[in-house]
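Working notes, structure below.
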Amino acid sequence: MNSRILGLRVAGVMFGLMCLAQLLRLVIRPEVLVAGHHVPLWPSGLALVILGGLSLWMWKLSRAAP
């Protein structure tokens, strides 16, 4: 396994872990305050979709890399 494939797989795992963290936030629904203001859940839903897509993309690239 060369360093490019390893780098793509590491990036895919990292994006996947962040995606799971966002999913966990959506499931648990913790109250998050930033400077006294509540943070809504919709940014986590958006992040879930984006990070999941990036994770899948990195894994697809690592499998297609020569």
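Helix 42-64 sits at what angle to the longest principal axis of the chain, using alpha carbons and giving 0 to 90 degrees rounded to 10? Helix 42-64 sits roughly 10 degrees off the main axis of the chain. Rounded to the nearest 10 degrees, the angle from helix 3-28 to the longest Cα principal axis of the chain is 20 degrees. Put simply, when 50-63, 23-36 are sorted by average Cβ atoms within 10 angstrom per residue, most first, you get 50-63, 23-36.
Quick note: the coordinates plus some simple rules give every number you see, no bench work behind them. A quick note: this is a predicted structure, and the numbers were derived from the prediction, not measured. Here the Cβ is made from the backbone with ideal geometry for all residues, glycine too, and neighbour counts use every protein chain on show.
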